C-alpha cells in the first residue's frame, strides 16, 4: 500500500471510476451523504471521521457543493477538485490555510480509462497525484489556469461532439441502405480505429487524411460536402463557444 491515504468525496461516475482504478494500490475511503447503500464499500458515514482518515481529498461533488464541503475541513489538506467551473482561487479561499490544491478537468471516457484530463495547480502535488490518474487516461498539465476553459471546451465537451459525429455517420449509412445497428457498429469502429491509428503513426491529421484521399475518388467527394457546409469552422466554433461558456460560468 502507498503511504497516501486517499478520500473520495462524491461517488458518481467519476468518483466511482477513480476508486476502482486505485483501490488495489492505495488506502481509500469514501464519503457521499446521498448514497445509503454502501454494498461493502469503504464508506464513512460522518464527514469529520472521513477527513480524519485521509491526507489527500479527491473532490468529486457537484460544483454547487464544493464550498460547502471544503468549509467543513479544519486541518490543511491536499485537495484535488474535479468540479467543473470552480476556479483555483475559489477552492483555495474555501480550503484551510496551507492546503495544496489541484484543479482537474476530466471527461466522460475517464470512466473506461480513456480520459483526457486537464490539470492546473500545485506542481509538487501534481507529482504526487500523477501516478493515480495516469491509468485513467492522458494528463495535460497547464501552467495558465485560463487554459482550463479551453480544455473544457475541447476535451470536456468533446465527447458530446464525437457522439454527435458518430450518430451522423451512422445515419448516413442508413440513408445509403445499411441497417442502423450495422451503421452504428461501423461508425464506432471507424472513429475508434482512426484515433488509434493517428496516435500510433504520430503524424499530422492532414497528412493521414491525404493518404486516403484519391483524386476524383469517393473520399474527396465526401470531404467536399463536409467543407461546403463549413465542417472545419463549425467544429472550431463549437470548441470556442463552449470555452467561452466555461469562462462565463467561472465568473458567476
In segment 108-131, residues that are buried (at least 20 other Cβ atoms within 10 Å of the Cβ), closer than 22 Å to residue 25 by Cβ and in contact with a helix residue (DSSP H, G or I) (Cβ under 9 Å, 6 or more places away or on another chain) total 4
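Among the strands (runs of 3 or more DSSP E) confined wholly to segment 2-59, which include 1 or more residues that are closer than 13 Å to residue 129 by Cα? Reasoning before the result, please.
Working: elements: 5-9, 27-31, 56-59.
By residue number, 5-9, 56-59.
Can you tell me which of 162, 174 is closer than 23 Å to residue 21 by Cβ, in the same structural domain as residue 241 (by TED's automatic domain parsing) and touching a helix residue (DSSP H, G or I) at 6+ places or on another chain (Cβ under 9 Å)? Can you show your working first?
On the way: 174 fails: closer than 23 Å to residue 21 by Cβ.
Being closer than 23 Å to residue 21 by Cβ, in the same structural domain as residue 241 (by TED's automatic domain parsing) and touching a helix residue (DSSP H, G or I) at 6+ places or on another chain (Cβ under 9 Å) holds for just one of 162, 174, which is 162.
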The one condition residue 151 fails out of (1) modelled with pLDDT of 95 or more; (2) part of a helix (DSSP H, G or I); (3) under 23 Å from residue 28 (Cβ atoms) is (3)
Check 171, 164 and return the single one that is part of a helix (DSSP H, G or I) and surrounded by 13 or more Cβ atoms within 10 Å (Cβ to Cβ). 171
Output the residues belonging to segment 115-142 that are more than 16 Å from residue 78 (Cβ to Cβ), modelled with pLDDT of 95 or more and outside any strand (DSSP E or B). 142
Could you please let me know if residue 103 is more than 21 Å from residue 153 (Cα to Cα), touching a strand residue (DSSP E or B) at 6+ places or on another chain (Cβ under 8 Å) and at pLDDT 90 or above? no
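The values are calculated or read from the model by the stated rules, or taken from the named source; none is laboratory data. Fair warning: this is a prediction, and the values are worked out from it, not measured in the lab. Neighbour counts run over all protein chains shown; Cβ positions are idealised from the backbone, glycine included.
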